[in-house]
Every structure is written in C-alpha cells, then in structure tokens.
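Have a look at the structure below before the remarks.
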Ligand code: 3PG
Ligand code: MG
C-alpha cells in the first residue's frame, strides 16, 4: 500500500458483506476486522477514510412495492461496531454518491471516518456503470481497494472506479495484498508435498478448480457430497447420496488425468450415512462404494478421517476449500472437524496452510482454529476464482 495518506481524502472499497441476524446484529465480523489494518494505517498517517461496501443483494430482495429494503440492507447496521473496533467516531451518510455524500466527504478532517450507504442500492453498481463510478471517484483523492471478497465482481465500486484514479493515486489495501501473497504461496513454487482438500456438495461448482489442481498438486483429497459422483465413476454403489449424473463422465476423466499426472486422489473410504437429510436421522457407517438403497452419505467415515489425516500430516503445503460433510448438523460434522484439526496440526509441524471458501472458513472459525492455520481467506467466490487461475476484475482494474 505504497501511498502517502497525509491530509488526503481516501476512498476505500472494503468487503463488509457480513452475515446479520434478524435483529441486524453482526454474527461474524471477520471481514470487518481483517480490513482494520488498512483503515488504521490511513488514519494514523493523517488521512480521512471514506468507506464503501455492499451488503447482501438488495436489488434481488426488493420490497413488494419494488423499493429497496433499506431497513434490512443499510450499512448503518455496521456503524457502531466499526466505530468500536476503530476506537473513533464513524460518520454515516445515507447516500453512496450525491450531494449529501459529497458534503459529508468534504467535511471530513484528517483521521476521520465516513461510512457510505450500501453501494448496491445504486442500480449502476453491479453493471459497472461509468457515471456512478465517476461520482464515487470524485469523493476521494486516493483510492484503496481492500475488497478481496468482492474482487471477482466487475462492479462500479470494485473495478470501474479505479479508471478515474491516475497511477500513483490508487493501491491495493493490506488485506488484498495478504490474500494475493498467501494464495500465491500455494500456486507458485509451493513446498511439496502439496495437498489440496476439496469438498462441498457439488462437483459442478468446482470443476475448474479440480481441473487446475490436478495440474500441480501432489495429493487431492475429495470429500463432501461431491465425492459420491467420483465413487460412482469408479463403479461404486452410492444409494441415495447426492450424485450429479451428468458429471459422472467428467469425474471419470478427472480420475484418469490425475493418474496420468501422478496425482494421488483420495476419496473417502467410508461414509457416515443417514436415512434422510435431517439432523436427527438414523445413522450408520459403511464403505463409500457400498451404500445401501435409501441411505445417503452425509459425512466422511472414521477410516477416511484417518486416511486424510495421514496425507495431511505428510504435507508441507495445504489448500482447503469446502467441507467434508453436512457440518451444520452436529451428527455429520466430525469429518470436517477432523480435517480442520489435521490441518492445524500439520501447520504446527511447519506446513503452510491456506483455508479459502465460505464453508471451510466457517468450520475453522466455529472450531476456534482460525489462528492455528497459516491463512484464512476472506474470499469465498473470489478465492475460488483466483485459485482457478482467473484474472479477478477488481485486481485487473488496478493495473
Ligand atoms: C461474497 O460474500 O461473496 C462477496 O461479498 C460478494 O458478494 P456477492 O456474491 O453477492 O457478489
Ligand atoms: Mg458470493
């Protein structure tokens, strides 16, 4: 973040898209806390911070009369908590752009903070609208993009706005820099063996990731619902488990590619089964390729946990994206928990570990292990696309 902030009005795009409960209270403030170093640096150096973020998808959840549900999606819900974390007053403006926003930005003194209203209240935001971006740009003399979590969106506040700042007046924030640096530790010349753990419900969500990983990892651990499509590709019986019939051939191809490249693919040898998709369902454990009719695999079994644990123990670099089972239900959380513990233990023994992607991050946080892995990403979709090798619009626009 190579800018001099002294006496400057700094427009900062952060990703404060945090979960709120029905009383509009923040249930996980990780993304806010991760943006603090950037904000503190700006303030300490005598700059004023004008903060922009989106929250939710307000234009996809309009009120019945077609208006925006301001009460639900206003950034004002975050003001007090941000103020507490920064230890300073946070001014709020009910506009993102416009006369009030301009006046509020102009009135800021060095060291002061202004939080603007939800960028997505503006129709042009998700379209990357140039007029909107230009008006945003006029609010600040410098632009800092610290919104890694939204870097995969080509929106007015994440991408277009950067065009209106000359070279030398815009920079990535510290979080953005950390995200890129840590992802590159996995992608570029990692310490081997390199193991990727990929989980989640569907193969179709992770095709590009799996294809790319097979090109450079040593071990690929596949868990979660998607594992059963692979088990089927090997001719196994998966009962009522989630299988994407139209992805069985693809799974077979991935298995062949992996074998050709000498990548070891680890599927769960056994599974914890349920007779319905329900936290209180009846349970049993069987081999993952011999699942009886009417039963479905909702978690990896004890043999799989041990097998995956051994692979992780012998890895020097670990990438984890996606849970091993339906970990929101305690009865099917053990597999994901055991992988989280194994990643933490490998990290303690010197491995570099990156956890990226919404659900695996939630699992690590839930277990209080976030500070026992090397890096926890704030990006779900953004980290996935970065790992897939895509150029993220929010990053590209700064070039
Ligand atoms: C996210 O949480 O995925 C980012 O904040 C981006 O939000 P979006 O998926 O609604 O674009
Ligand atoms: Mg998203």
Kindly check whether there is at least one residue in the stretch 140-148 that is part of a helix (DSSP H, G or I) and within 16 Å of ligand 2 (Cβ to nearest atom).
yes
Of those in the stretch 359-386 that are touching a strand residue (DSSP E or B) at 6+ places or on another chain (Cβ under 7 Å) and within 14 Å of residue 184 (Cα to Cα), the residue nearest to ligand 2 (Cβ to nearest atom) is 384
Which members of the stretch 351-386 meet the condition of being within 13 Å of the chain's Cα centre (by Cα) and more than 16 Å from ligand 1 (Cβ to nearest atom)?
354, 363, 364, 375
Residue list for the stretch 387-399, restricted to those being in contact with a strand residue (DSSP E or B) (Cβ under 8 Å, 6 or more places away or on another chain) and within 16 Å of ligand 2 (Cβ to nearest atom):
387, 394
Considering residues that are within 16 Å of ligand 1 (Cβ to nearest atom) and buried (at least 22 other Cβ atoms within 10 Å of the Cβ), the number found within the stretch 33-45 is 2
Per the list (1) surrounded by 15 or more Cβ atoms within 10 Å (Cβ to Cβ); (2) within 11 Å of ligand 1 (Cβ to nearest atom), residue check on residue 48 breaks on (2)
Filter result (assigned to a loop (DSSP other than H, G, I, E, B) and either surrounded by fewer than 16 Cβ atoms within 10 Å (Cβ to Cβ) or away from ligand 2 (no atom under 16 Å from the Cβ) (or both)) within the stretch 349-358:
349, 350, 351
Given the conditions (1) touching a strand residue (DSSP E or B) at 6+ places or on another chain (Cβ under 8 Å); (2) within 16 Å of ligand 2 (Cβ to nearest atom), and given that residue 17 satisfies all but one, which numbered condition is not satisfied?
(1)
Which members of the stretch 99-127 meet the condition of being free of Cβ contacts under 8 Å to residues at least 60 places away in the same chain, out of contact with any strand residue (DSSP E or B) (no Cβ under 6 Å at 6 or more places or on another chain) and surrounded by 15 or more Cβ atoms within 10 Å (Cβ to Cβ)?
102, 117, 122, 124
In the stretch 51-63, which residues are in a strand (DSSP E or B) and away from ligand 1 (no atom under 14 Å from the Cβ)?
51
Name the single residue, out of those in the stretch 1-25 being within 14 Å of ligand 1 (Cβ to nearest atom) and in contact (Cβ under 8 Å) with a residue 24 or more places away in the chain, that is farthest from residue 161 (Cα to Cα).
20
Restricting to the stretch 91-100, count the residues that are more than 30 Å from the chain's Cα centre (by Cα) and not in a loop (DSSP other than H, G, I, E, B).
2
Residue under question is residue 345, and the condition is that it be under 27 Å from residue 285 (Cα atoms), more than 15 Å from ligand 1 (Cβ to nearest atom), surrounded by fewer than 21 Cβ atoms within 10 Å (Cβ to Cβ) and modelled with pLDDT of 95 or more; does it hold?
yes
Residue, farthest from ligand 2 (Cβ to nearest atom), within the stretch 149-168, restricted to residues that are part of a helix (DSSP H, G or I) and over 18 Å from residue 34 (Cα atoms):
164
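The values are calculated or read from the model by the stated rules, or taken from the named source; none is laboratory data. Since the model is a prediction, treat every value here as computed from it, not as a measurement. Reconstructed Cβ throughout: ideal geometry from the backbone, glycine too, with neighbour counts over all protein chains shown.
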